[in-house]
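Enquirer: Below is the structure I would like to discuss, written out as structure tokens.
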Amino acid sequence: MPVLATTLGAAAVVIGVRQLGLLQPSELSLYDFYVRSQPARDPDSRILTVVVTEQDIQAQKTWPLPDATVAELLARLNAASPRAIGLDIFRDLPQPPGHDELQNMIRINPRIIPVCKSAGETVEQPEVPPPPSIPPAQVPDRVGFADIPLDSDGVIRRNLFVISNPKAQRCTTPFSFALMLALRYLQQDPSQTIKLDDRGLTLNDVHFPLLTSDAGGYVGVDDRGMQTLLKYHSRGAVGPTVSLTDVLSGRVSEDLIRDRVVLIGVSAPSIKDTFLTPYSGSDAVTQQMPGVVVHGQMVSQFLRAALEGEGPIWYWPLPLVLGWILLWAGVGSVLGWWLRQPLWLGGAVVGGLIVLFGGGFGIFVMASGWIPVVPPAIALVLSSVGMVGYVSYQAQQEQRSFQKKVQEQEKALALLRSLMSEDTAALNAALREPTEITGKPRSLLSGRYKIQKVLGSGGFGCTYLAQDTQRPGNPLCVVKRLRPGRTDERFMQVARRLFHTEAEILEKLGRHDQIPLLLAYVEENGEFYLVQEFIDGASLSEELKRKHTEAEAIQLLREILEVLNFVHSHYVIHRDIKPDNLIRRASDRKLVLIDFGAVKQIQPQEVEKAQGSTVVIGTMGYAPPEQLSGQPTLSSDIYAVGMIILQALTGIKPRDLPRDARTGELDWQRCVRVSEGLAAVINKMVKFNFSDRYPSAKEALQEVRRLGP
């Protein structure tokens, strides 16, 4: 449920932000990077571009070019038999001399395709009519509109090839300049199939579907008319380029013109007929593309589609895009749920981003597909961060819950100790009652757990091996029987509260792989029972029958502290760490920490010792002084672990280790020699005064890890 909620929440936020258009600039910038990163193509030999340069204007000593100059240019080009000549220079007004000559040439030569400009939305975008020599009825078949759609950032990314403009009065052609030139080229080959209908344009086997307003990374882009994404051929002109002066002076070979599409336009910066393209990048001033070159890119796109089968740039429909974002939000949520370690999660998220961005780039370059990358990338990061935040919040809540349970436990223990120390007749009578564990509970505890045999018994109760009769296969489990030291109502109320609190703590701690699961806790006939997972293995006592090397001792110390660190992170004191309470699990050889000690205080170990004194939990030799006086801390567990390691190194039981008579500190180093680093760690763990020890397993584990493998 948290994964699903985080996934839906992150996806909803990202989709909402995307639909507001806030991510479009980033998506378009990434698209431009894709375009710039495409491998270089061979020049398109079907297209020749004739440009009017700044030097040409200086040579002509006038602008606009006289009609006579344009007529001479067209005559020279036409003499070389091109398939089509595109004149990307407005000739709606006479520019003498030579006006009649130019208009007559345009009128009688179907190869020549001039331009007009369709009326815009405002008066600042007036209509520019075609040359007056073309009759209005012939405009749709002889003229192409020069309008180029610009995105909100001024960059050309779309190819508008058909429009329907009811405001048009003289520029009435529905076809773009580039499409008209491409069709003129293709129509000279009878085998070419050209189809234009409401679904878009089809050139042979390649279909150009109508661009939608949410294509790729766009949100609400103007999709009127028939458009496709402009598939750029190259950074500059698509084919050979010559200047006006080159043609007029006869320096251009007829072979460079014959059977080609020839475009005529202006590249002189002073005329300002240049545009931003994806190739402009950050250098938008010097890297603008002349309009005639842009038209050449569009012509090349149509010719490559018809003659080479090169399809348009495709994209997913909006529902698939939204599903794509949802998918990556789910990936982030799952990663955040499973990989809670920051380094692992960060690495996984970075890996996901590499796959996402690399995949998007590869699909664009190799398959001409534009799939959204920025929104799913944000969804991936947002959902993983959101899941980490949720997990962190839940952990904090659990920590608070644990702290509350531990505080309740300590209050119950304090009250229990107070009751046990009361010097009243009722207490004396209760203390004279036998408290030994006799017999065993009825064979089917709580109608479910079938007692098999006794595993162990002591002053705190008895432990049985049992079968869970209500689970498939009747798996084994451990039943711990705890009999209260007194049966008066006040004592039982406190004992019951302590038992329930301890059970709740054990249930949560049991989520750790190296702490037995608590399966149930039961109160029957004034006695308490804990039912826990059965751990198949041998106790650490078996391993301590031989001395350990320093390396083995360090490894053992690290193993114990790692599981104890989890316990201490929840502010829980084990209270009875000793070799018998550490089991080496047979299945994976991991140490399992068992038999937490707080609940044992509902029954004193020795009744006789309870009179007039506090009841304590712990094992002599492993329990530090403050624990023996009934005031354990987290560092009390550290002391016990240190004593286990000393036993492993020396082979001597903790109670038999020598002590300094003056300070009371252990004098163990005369029994075994170890490195200074390990000796310093052990000495700090087994300090007589608890305030001189490591405060918890976390600090001790950090020091041990510095000792190396």
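Enquirer: Looking at the structure I just gave you, is Y464 in a strand (DSSP E or B) and either surrounded by fewer than 14 Cβ atoms within 10 Å (Cβ to Cβ) or modelled with pLDDT of 70 or more (or both)?
Expert: On the way: in a strand (DSSP E or B): yes; either surrounded by fewer than 14 Cβ atoms within 10 Å (Cβ to Cβ) or modelled with pLDDT of 70 or more (or both): yes.
Yes, satisfied.
Enquirer: Given the structure, is T69 farther than 19 Å from G291 by Cβ and touching a Leu at 6+ places or on another chain (Cβ under 8 Å)?
Expert: Considered against the rule, which asks whether it is farther than 19 Å from G291 by Cβ and touching a Leu at 6+ places or on another chain (Cβ under 8 Å), T69 comes out as yes.
Enquirer: While we're here: Determine if the stretch 270-277 includes at least one residue that is touching a strand residue (DSSP E or B) at 6+ places or on another chain (Cβ under 8 Å), surrounded by 23 or more Cβ atoms within 10 Å (Cβ to Cβ) and either among the acidic types (D, E) or assigned by TED's automatic domain parsing to the domain that holds P64 (or both).
Expert: Yes.
Yes or no, residue by residue, for (1) modelled with pLDDT of 75 or more; (2) in the same structural domain as A495 (by TED's automatic domain parsing):
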{"position": "I378", "(1), (2)": "yes, no"}
{"position": "L382", "(1), (2)": "yes, no"}
{"position": "V385", "(1), (2)": "yes, no"}
{"position": "Y390", "(1), (2)": "yes, no"}
{"position": "Y393", "(1), (2)": "yes, no"}
{"position": "K404", "(1), (2)": "yes, no"}
{"position": "L416", "(1), (2)": "no, no"}
{"position": "A429", "(1), (2)": "no, yes"}
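Enquirer: Within the stretch 84-116, can you find the residues that are buried (at least 20 other Cβ atoms within 10 Å of the Cβ) and either under 20 Å from K167 (Cβ atoms) or of a type in the set (D, E, K, R) (or both)?
Expert: Passing the criteria: D88, R91, V115, C116.
Enquirer: In the set Q493, Q470, which member is farther than 22 Å from V567 by Cβ, over 44 Å from the mean Cα position of the chain (by Cα) and not aromatic (F, W, Y)?
Expert: Q493
Enquirer: Taking the stretch 238-275, which residues are among the basic types (K, R) and farther than 23 Å from P110 by Cα?
Expert: R251, K272
Enquirer: Still on this structure: Among the candidates D56, D44, D32, single out the residue that is within 18 Å of V294 (Cα to Cα) and part of a helix (DSSP H, G or I).
Expert: D32
Enquirer: Would you pick out the residues in the stretch 500-556 that are among the hydroxyl-bearing types (S, T, Y), surrounded by fewer than 16 Cβ atoms within 10 Å (Cβ to Cβ) and part of a helix (DSSP H, G or I)?
Expert: So the first thing to find is which residues in the stretch 500-556 are among the hydroxyl-bearing types (S, T, Y), and the list is 501, 521, 529, 539, 541, 549.
Then drop every residue that is not surrounded by fewer than 16 Cβ atoms within 10 Å (Cβ to Cβ), which leaves 541, 549.
If the condition is that a residue be among the hydroxyl-bearing types (S, T, Y), surrounded by fewer than 16 Cβ atoms within 10 Å (Cβ to Cβ) and part of a helix (DSSP H, G or I), then S541 is the only one that fits.
Enquirer: Now a separate question. Give the residues of the stretch 181-218 that are loosely packed, with under 14 Cβ neighbours inside 10 Å and either acidic (D, E) or not assigned by TED's automatic domain parsing to the domain that holds V261 (or both), sorted by residue number.
Expert: D189, D197, D198, D205, S213, listed by residue number.
Enquirer: The conditions are (1) assigned to a helix (DSSP H, G or I); (2) modelled with pLDDT of 95 or more, and I264 fails exactly one of them. Which is it?
Expert: With respect to (1) assigned to a helix (DSSP H, G or I); (2) modelled with pLDDT of 95 or more, I264 is out only on (1).
Enquirer: Turning to a different aspect of this structure: Using the structure shown, decide if L30 is among the hydrophobic types (A, V, I, L, M, F, W, C) and not assigned by TED's automatic domain parsing to the domain that holds E254.
Expert: yes
Enquirer: Here is a check on your reading of the model: is I602 aliphatic (A, V, I, L, M), farther than 22 Å from Q467 by Cα and at pLDDT below 95?
Expert: Spelling it out, I602 is indeed aliphatic (A, V, I, L, M), farther than 22 Å from Q467 by Cα and at pLDDT below 95.
Enquirer: Select from the stretch 46-64 the residues that are touching a Gly at 6+ places or on another chain (Cβ under 8 Å) and either modelled with pLDDT under 95 or surrounded by 21 or more Cβ atoms within 10 Å (Cβ to Cβ) (or both) and list them in ascending order.
Expert: Those that are touching a Gly at 6+ places or on another chain (Cβ under 8 Å) and either modelled with pLDDT under 95 or surrounded by 21 or more Cβ atoms within 10 Å (Cβ to Cβ) (or both): I47, L48, T49, V50, V51, V52.
Enquirer: Within the bounds of the stretch 65-82, is there any residue that is part of a loop (DSSP other than H, G, I, E, B), outside the structural domain of L326 (by TED's automatic domain parsing) and either modelled with pLDDT under 95 or among the basic types (K, R) (or both)?
Expert: There is no residue in the stretch 65-82 that is part of a loop (DSSP other than H, G, I, E, B), outside the structural domain of L326 (by TED's automatic domain parsing) and either modelled with pLDDT under 95 or among the basic types (K, R) (or both).
Enquirer: Only one of A679, A648, A700, A640 is of a type in the set (A, V, I, L, M), touching a His at 6+ places or on another chain (Cβ under 7 Å) and surrounded by 15 or more Cβ atoms within 10 Å (Cβ to Cβ). Can you tell me which?
Expert: Being of a type in the set (A, V, I, L, M), touching a His at 6+ places or on another chain (Cβ under 7 Å) and surrounded by 15 or more Cβ atoms within 10 Å (Cβ to Cβ) holds for just one of A679, A648, A700, A640, which is A648.
The values are calculated or read from the model by the stated rules, or taken from the named source; none is laboratory data. As the structure is a computational prediction, the values presented were derived from the model and not from experiment. Note: ideal-geometry Cβ built from the backbone for every residue, glycine included; neighbour counts use all protein chains shown.
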